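Only one structure is covered here, and it is reproduced in the block below.
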Amino acid sequence: MANYEEVFRKVVAHAKEYGFIFQSSELYDGLGAVYDYGPNGVELKNNIRDYWWKSMVNMNDNIVGLDSAIFMHPATWKASGHVDAFNDPLIDNKDSKKRYRADVLIEEHVARIESKIEKEVKKAAKRFGDSFDEEQFVSTNPRVVGYKEKCTSIMQRFAQAMNDNDLVDVKALIEELGIVCPFSGTKNWTDVRQFNLMFKTQMGSTADGATDLYLRPETAQGIFVNFLNVQKTARMKLPFGIAQTGKAFRNEIVARQFIFRMREFEQMEMQFFVRPGQEMKWYEHWKESRMQWHLSLGIDKEQFRFHDHDNLAHYANAACDIEFKFPFGFKELEGIHSRTDFDLKSHQEHSGRKVQYFDPEINESYVPYVVETSIGLDRMFLTILSNSYQEEEVNGENRLVLSIPPMLSPVKAAILPLTKKDGLPEKAKEILKSLQYDFNCQYEEKDSIGKRYRRQDAIGTPYCITVDHQSLENHTVTLRDRDTMQQERIAIEQLHRLISKKVGLNRD
RNA sequence: GCGAGUGUAGCUCAGGGGUAGAGCAUCACCUUGCCAAGGUGAGGGUCGUGGGUUCAAAUCCCAUCACUCGCUCCA
């Protein structure tokens, strides 16, 4: 594991040194868990996004795109469940230094009382034998009734306190119940604090007339609230999908592991709408299809695995992750969720509008079911980066190469005059002009040719084109392959076709 | 938020009360010309920030900020 950490350290340092990723606001000592993409980083990121968009939207005639705004009506987040689910009251035990969710502590306490009720019931059942009437017992036995009342009053008080945002009373409740920390066994608690996982902001320039808004914590809701607009205007028939990429914001309590967990990050999501009852078929379809997408990038199959969720979120009836083996272990890269009709139905209820689809095949209107594929663009970036980073030995010397899939490489080709005289730079610049319209190219004449090759290796450029004296005579150049370091001499006219074949999406 | 660690040049780090250092990187010139680190020279730091002790603080003390790691959360 120490070795993995070492590799990860190097990847992070490399990302900075070669202009892929900088920490946000570094000039001011940095801003935690926020990162900026540098000149090479933005190219790679754009290429990943393009590749996703092409394969999801352009290659599927039943998927269309959308770019919804980051600001959304605040009711959206009530409907989606985020307002409730993203507000956790937390409390620390000062002795054990452990942190707990206050609601969980209280619920566990209630659960203990409930188990006492069960014990009483069992005991009674034994005592009364066949004539035992559980319902009657539970409603009449004074001890059980007392327990039940206690549970109800605790939960009511807790609900009331949460509703009033009265965290002082939540703490008082915990103290009154005598809840102790399982580790230290003490009641030495801090105050209860609320963690807001959504970022709040205001719309409207005057303080008193402003409306509280949230920065969206996921892009999906923009798709759901536009379901009718898109379906009608693009004349889509079920099953069909809506895809969107964009920024999302989460106030993570801790943010670690470089760009794996960021406060501001970018998602690539596709929500696929299906007839109720067909969701599992499509869930399986997208599970398979998304895994194939990852494998199409040439990454080793062993680096991925599925992880099925046991504890499903409130909206899902099936969910799995595609995990990638990051340098710090297998971690979630993409989620495929069968979200049922939860979201659309909830928006229907909250908005008071009909969010339904009339299905001409069965002559019926219904709220569609949704299968979601949701991948973190930044996580995909880290996947590509950490998977590409390689150190190898060449003639007793280290070579550092990013073996990025060529279609994703920030720079497709470097054009290098062997020397910076005798008209070689001019010839090289001619070639640059002929290629740079279609490919992101770099021209370099500084330093020895070997040094330039290695610099290009370090940013993952698949091709180096070297212009030498022979080029002036017969219009040929050498084309060096990043991975094999082999060179072949080819006609300048062939360059465009060869590079296109290697870096294009269509490999035929 | 708690605990531990770190903060000196673009990067990696040395220096632990007395004029701020090295290697690499950068820039210029020379040399070489197909797999990085040849020669000469140059630029670059009020040692994270603020305060204190001292004749004197990068160095000792206090505070503060940021980052890293662990714990709590994570569709």
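A few notes on this one:
- When A:Glu397, A:Glu391, A:Glu372 are checked against the criterion of being within 12 Å of RNA strand B (Cβ to nearest atom) and touching a His at 6+ places or on another chain (Cβ under 7 Å), a single residue qualifies: A:Glu372.
- Within region A:417-434, none of the residues are under 28 Å from A:Met56 (Cα atoms) and touching a helix residue (DSSP H, G or I) at 6+ places or on another chain (Cβ under 6 Å).
- Elements of type helices (runs of 4 or more DSSP H) in region A:208-307, at least 3 residues being surrounded by fewer than 18 Cβ atoms within 10 Å (Cβ to Cβ) and away from RNA strand B (no atom under 13 Å from the Cβ): A:227-233, A:279-295
- Going through (1) in a helix (DSSP H, G or I); (2) modelled with pLDDT of 85 or more one by one, A:Ala69 falls short only on (1).
- The one condition from (1) under 28 Å from A:Phe381 (Cβ atoms); (2) touching a residue at least 24 places away in the same chain (Cβ under 8 Å) that A:Asp321 does not meet is (2).
- Subset of region A:37-57 that is closer than 28 Å to A:Leu238 by Cβ and out of contact with any strand residue (DSSP E or B) (no Cβ under 9 Å at 6 or more places or on another chain) - its residue that is surrounded by the most Cβ atoms within 10 Å (Cβ to Cβ): A:Tyr51
- Region A:400-438 - residue that is of a type outside the set (Lys, Arg) and within 10 Å of RNA strand B (Cβ to nearest atom) and, of those, farthest from A:Ser388 (Cα to Cα): A:Asp422
- Cβ separations smaller than 6 Å between residues 6+ apart or across chains give the following pairs from region A:111-139 residues that are surrounded by 12 or more Cβ atoms within 10 Å (Cβ to Cβ) to residues that are among the small types (Gly, Ala, Ser): A:Phe132/A:Ala125; A:Phe137/A:Ala124.
- In region A:446-495, counting only strands (runs of 3 or more DSSP E) that sit wholly within it, the ones holding 2 or more residues that are more than 7 Å from RNA strand B (Cβ to nearest atom) and in contact (Cβ under 8 Å) with a residue 40 or more places away in the chain span A:463-467.
- Subset tally (residues that are touching a helix residue (DSSP H, G or I) at 6+ places or on another chain (Cβ under 6 Å), at pLDDT below 90 and not aliphatic (A, V, I, L, M)) for region A:472-508: 1
- Qualifying residue in region A:38-55 (condition: touching a residue at least 12 places away in the same chain (Cβ under 8 Å), in a loop (DSSP other than H, G, I, E, B), within 16 Å of RNA strand B (Cβ to nearest atom) and touching a His at 6+ places or on another chain (Cβ under 9 Å)): no
- Tally of residues being surrounded by 11 or more Cβ atoms within 10 Å (Cβ to Cβ) and within 44 Å of the chain's Cα centre (by Cα) across region A:140-162: 12
The values are calculated or read from the model by the stated rules, or taken from the named source; none is laboratory data. Everything numeric in this text was worked out from a predicted model, so none of it was measured. Don't worry about glycine lacking a Cβ; one is built from the backbone with ideal geometry, like all the others, and counts go over all protein chains shown.
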